[in-house]
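Some notes on the structure that comes next.
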Amino acid sequence: MEKRNDTAKTSLLILPRTFTSTEANKTGSWRYLRPRYEEKTSPCSNACPAGEDIARIEMLAEEGLFKEAWETILRENPFPAICGRVCFHPCEGRCNRKEFDEAVAIHQIERFLADTARKNDSKPVIVGRNEKRPEKIAIAGAGPAGLAAAYFLTRLGYGCEIFEAREEAGGILRWGIPPYRLPLDVLQAEIARIQDLGIPIRTGTPLGPSFLSEARGKYAAVFLGCGHSRPRGLGIPGEDLEGVEEGLPFLASIRRGDMPKISGPVAVVGGGNSAVDVARSVARLGGESWILYRRRREDMPAFETEILQALEEGVKIRELLAPVRLERKNGRFVFTLQPMRVDGKDVDGRGRIVPDGDVETMEFAKVFKAIGEEAGEDWYRPPAEDRDVLRLSNCTVSMKPGLPVLVYGGDLAASLKSVVHAVASAKEGAIALDILFREGRENLSGGLLKCRVGEGPSLSMEIHLGGPRGRRSSHIVSYSEINADYFQMAPRITQPRLLPEERLKGFDEIDLRISANLAIREAGRCFNCGLCNQCDNCFLFCPDMSIHRGEGGTDRWIDYDYCKGCGLCAAECPRNAMVLEEEKGS
Amino acid sequence: MKLEVLDREYMYPGHVACPGCGAAIAMRFLLKTLGEKVIMVLPACCWSVIAGPYPQSTLKIPVIHSAFETGGAVATGVRAALDIQGDTETMVVTWAGDGGTFDIGFQALSGAVERNENFIYVCYDNEAYMNTGVQRSSSTPYGAWTTTTPGREWKKMRKKNIVEALVAHRIPYAATANIAFPEDLVTKVKKARDTKGSRFLHIFATCPTGWRIPSEMSVRIARMAVQTNIFPLYEVEDGVRYTINYKPKEFPVKEYFHLQGRFQHLTDEDLDHIQDMVNEDWQLLLRKAGERTP
Ligand SMILES: Cc1cc2nc3c(=O)[nH]c(=O)nc-3n(C[C@H](O)[C@H](O)[C@H](O)COP(=O)(O)OP(=O)(O)OC[C@H]3O[C@@H](n4cnc5c(N)ncnc54)[C@H](O)[C@@H]3O)c2cc1C
Ligand SMILES: Cc1ncc(C[n+]2csc(CCOP(=O)(O)OP(=O)(O)O)c2C)c(N)n1
Ligand code: SF4
Ligand SMILES: [Mg+2]
């Protein structure tokens, strides 16, 4: 169809006029690199033992979609209000933003989202399977592991029943961690949400060893989350003298509301979270706290921020002092202590300690032992690995004939003793049982591999349930893959906190709330590594009009008929949500 | 990034610009801002080819291909013809390369601007005669390799400051823009659209082919030109009122030069010298913008 200029016939002016577009040239044939949309895994979500979808949570929080962000946490972790407070947040240690200015304050945003949901009395809507399964599951212990196991298993359709030895649920969260770090109402609100799912918690019901065999027929599986409760002794003369107390019962009495008066110098032996919490509680009750630890301060297993706050509150730490003997003289405890020094390395990489010189003595009005606990009963312990016993990352699954399937989780089996590891073990156990019951034992390992976040070991319930997160690649985005030109330096928010002198007046929570404005600003610092937030850079910078958007600008696709493979879309994607691959040829 | 521009595209795909061509990106932003009431004058340049071989066109607006040196003159004529028809709505836009602007088209441009012809003149600057195979122009920067400044004969003259030359005409509006800063570019196109008389936009447009860089670096290099102060973003109203639109991070120029094949021969001393020139130009601009006392 040629539309020649008619004037050409009648005058001398010949004007060639174009009458077709360049669309006939399929410039896609020039391409030797092919861009493609591919969302990836953020390092923080991989580092989170609960596999929370942090990059997405921050994206939603930045947009002010607080409820959606909170629900996104709840898909992977039933306890955002607890973990926002007491988790040691390994996510932040792996945050890519750390290499730009400072890590995103992920835990503060988590706590903000949880507190906001509670303030608004939000009811979460969690999408994903809930069709009823025939198998019933009994859960021993209502600590974080048992509660989380019930939460995940209920979501997968299994009827659950929790048996708890003590008079209230919560485990260490209820009877260990002091209220200045985890207020009671916060814990109770999280537990209530689990009960709202229709899960019965039978308190005051300790299970005995016979339960495991009796459970057969009634329960297809038993999840054991009994925690650690038996104190490990110091093994020194005098440790059983009257007035020498265990740390955990002392913390439990505080959580029960007794506030014993304490005065004078108090020794707290140990270096873990228990020791630090005991020492800080003693300081609040009027005592003068001395933490005595046999290794160096940097070897203390307690979380660093806890140690720093304890020091601010006047707690004194004496490192490299091993207990030798305790005696009572004139109503005081005389503690004989052996100074130690570091000599080489232990198998676990910490400094090996050996005695160094003469013993010394210190006098105390009171002594607490807080060197840690172990399983309260031998039958709580996971059996050794064999044909029927599978040791997973954070739980152990025993499939011995004649018994229900037993899953040992929480402190009994996790790689690290922490709340989020208890949640991780519960999720791993729940997914393992689900695969076992629905697809059979032979599919267990493969099924677990499929729901890893990145390279694991953290797992995603959303991926297990076939949610969109499963379409992301397991590639973990590194800082060098972020286009930092699109981000401005901005300092991380500081945690508003009670002053040390205010803290010592009682057991009030010391970390204060942050405002919605601050939370949005902090969430806005997140790179959202690996995720598309529809910034449109790919679309805008395409020189070849080869990126198309759907209704409302949400969906994007590439027109390979014309895309020349220049790679600008992938290079200008701020957050590495695209890849550029060698063209394999047509 | 959200741009306040039209949803519609005024370019078809299938054009033959090199992969990653900055000039294609620049045109896309311009037309998405101006819309279809535009007649474009296109002196010989890469864009003469990108616009399509007869009988194809990649642009959805009327285009007049003109002789290399006549961008200013042809636009004057088109504007006069439209005025005679009583069409004051249609804008006349000349779209020319740096060769067609800084060099051969300079007298036509200067004449049109001196007469304050009512049109927008856009120079997309890829810093050489790219269409004919990378020959140096007066816009080619100090230090660059081109096929006419090869080997040790790399260009030893400074890049001509075209905006200042137009400012000397007291042009109502002159501005620099850059494909890596689309928001700023779009704002300036709008400002040009809403100004009467002659308007000049100098758009930095990376040429991966001529600059010897990978195509996916095209926008990054353009961004660095601004961040190193090599190509500051500023505008001048009525030839006197200067505004610097973006205060860059002032990265050392080295980083920009190291990434490009056309600068590979430069030594550290050469780069130090270039840094001094860039600093000097920036100080001069700050003074003109009243941000430093002389
Ligand atoms: C003082 C202290 C402070 C800590 N601080 C932190 C912290 O800040 N952050 C952090 O991440 N981690 C912290 N931890 C570790 C963390 O609390 C534990 O890792 C976590 O609580 C383990 O959860 P769990 O469910 O396995 O066990 P637990 O919390 O111990 O719960 C076990 C539950 O099982 C019940 N139970 C036991 N036996 C039976 C039975 N036979 N039948 C029925 N029920 C039974 C118990 O009564 C208890 O309620 C702290 C620990 C201590 C001791
Ligand atoms: C009078 C005249 N001389 C030479 C040419 C050949 N020619 C066509 S385009 C071009 C170079 C254009 O360079 P520039 O204006 O910088 O645009 P670019 O191709 O770099 O985009 C030349 C020399 C011509 N068309 N007319
Ligand atoms: S920037 Fe955001 S997504 Fe990336 S690692 Fe940090 S918190 Fe995760
Ligand atoms: Mg040129």
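Inspect segment A:65-76 for any residue being away from chain B (no Cβ under 14 Å), part of a helix (DSSP H, G or I) and either within 15 Å of ligand 1 (Cβ to nearest atom) or among the polar types (S, T, N, Q) (or both) and give the result as yes or no. Yes, that holds for at least one residue.
Residue B:124 fulfils the conditions (1) more than 14 Å from every other protein chain (Cβ to nearest Cβ); (2) open to solvent by less than 60 Å² (accessible area, probe 1.4 Å); (3) within 12 Å of ligand 2 (Cβ to nearest atom) except for a single criterion, (1).
For every residue, the table says whether it meets (1) acidic (Asp, Glu); (2) within 14 Å of chain A (Cβ to nearest Cβ).
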{"site": "B:179", "(1), (2)": "no, yes"}
{"site": "B:194", "(1), (2)": "yes, no"}
{"site": "B:197", "(1), (2)": "no, no"}
{"site": "B:215", "(1), (2)": "no, yes"}
{"site": "B:247", "(1), (2)": "no, yes"}
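Answer yes if at least one residue in segment A:223-235 is surrounded by 23 or more Cβ atoms within 10 Å (Cβ to Cβ) and assigned to a strand (DSSP E or B), and no otherwise. Within segment A:223-235, one or more residues are surrounded by 23 or more Cβ atoms within 10 Å (Cβ to Cβ) and assigned to a strand (DSSP E or B). Of the residues making up segment B:172-189, those that are touching an Asp or Glu at 6+ places or on another chain (Cβ under 8 Å) and either basic (Lys, Arg) or not in a helix (DSSP H, G or I) (or both) are B:172, B:173, B:174, B:175, B:176, B:177, B:178, B:188. Going through (1) in contact with a Cys (Cβ under 9 Å, 6 or more places away or on another chain); (2) over 28 Å from residue A:458 (Cα atoms) one by one, residue A:344 falls short only on (1). Taking residues in segment B:137-150 that are away from ligand 2 (no atom under 11 Å from the Cβ), and partners anywhere that are part of a loop (DSSP other than H, G, I, E, B) and of a type in the set (A, V, I, L, M), the pairs with Cβ atoms closer than 6 Å and at least 6 places apart or on different chains are B:143/B:266; B:147/B:134. Looking only at residues of segment A:401-418 that are part of a loop (DSSP other than H, G, I, E, B) and open to solvent by less than 70 Å² (accessible area, probe 1.4 Å), we find that the one that is modelled with the lowest pLDDT is A:402. Just one of the listed residues (B:108, B:144) is outside any loop (DSSP other than H, G, I, E, B) and either away from ligand 3 (no atom under 16 Å from the Cβ) or among the hydrophobic types (A, V, I, L, M, F, W, C) (or both), namely B:108. Each residue in segment B:1-23 was checked for being touching a Cys at 6+ places or on another chain (Cβ under 8 Å) and surrounded by fewer than 24 Cβ atoms within 10 Å (Cβ to Cβ), and 2 pass. A single entry from A:381, A:325, A:341 fulfils the requirement of being surrounded by fewer than 15 Cβ atoms within 10 Å (Cβ to Cβ) and either within 37 Å of the chain's Cα centre (by Cα) or not assigned by TED's automatic domain parsing to the domain that holds residue A:411 (or both): A:341. Go over the candidates B:174, B:225, B:144, B:192 one by one and state the one that is at pLDDT 95 or above and in contact with a Gly (Cβ under 9 Å, 6 or more places away or on another chain). Result of the check over B:174, B:225, B:144, B:192: B:174. Residues of segment A:462-486 that are not acidic (Asp, Glu) and not in a loop (DSSP other than H, G, I, E, B): A:463, A:464, A:468, A:469, A:470, A:471, A:476, A:479, A:480, A:484, A:486. Applying the criterion of being within 16 Å of the chain's Cα centre (by Cα) and within 17 Å of residue B:260 (Cβ to Cβ) to the residues of segment B:138-153, the residue that is nearest to ligand 4 (Cβ to nearest atom) is B:139. In this structure, does residue A:185 turn out to be over 28 Å from residue A:252 (Cβ atoms) and modelled with pLDDT of 95 or more? It is false that residue A:185 is over 28 Å from residue A:252 (Cβ atoms) and modelled with pLDDT of 95 or more. Looking across segment B:192-229 at every residue that is touching a Phe, Trp or Tyr at 6+ places or on another chain (Cβ under 6 Å) and part of a loop (DSSP other than H, G, I, E, B), the one that is surrounded by the most Cβ atoms within 10 Å (Cβ to Cβ) is identified as B:205. Looking at segment A:487-559, the helices (runs of 4 or more DSSP H) lying wholly inside it that each contain 3 or more residues that are away from chain B (no Cβ under 14 Å) and surrounded by fewer than 18 Cβ atoms within 10 Å (Cβ to Cβ) sit at A:500-503, A:516-524.
The values are calculated or read from the model by the stated rules, or taken from the named source; none is laboratory data. None of these values were measured; they are calculated from a predicted model. Heads up, the Cβs are rebuilt from the backbone with ideal geometry, glycines too, and the neighbour counts pull from every protein chain shown. Side chains included, ligands, DNA and RNA excluded: accessible areas come from the protein's heavy atoms. Shrake-Rupley method; radii C 1.70, N 1.55, O 1.52, S 1.80 Å.
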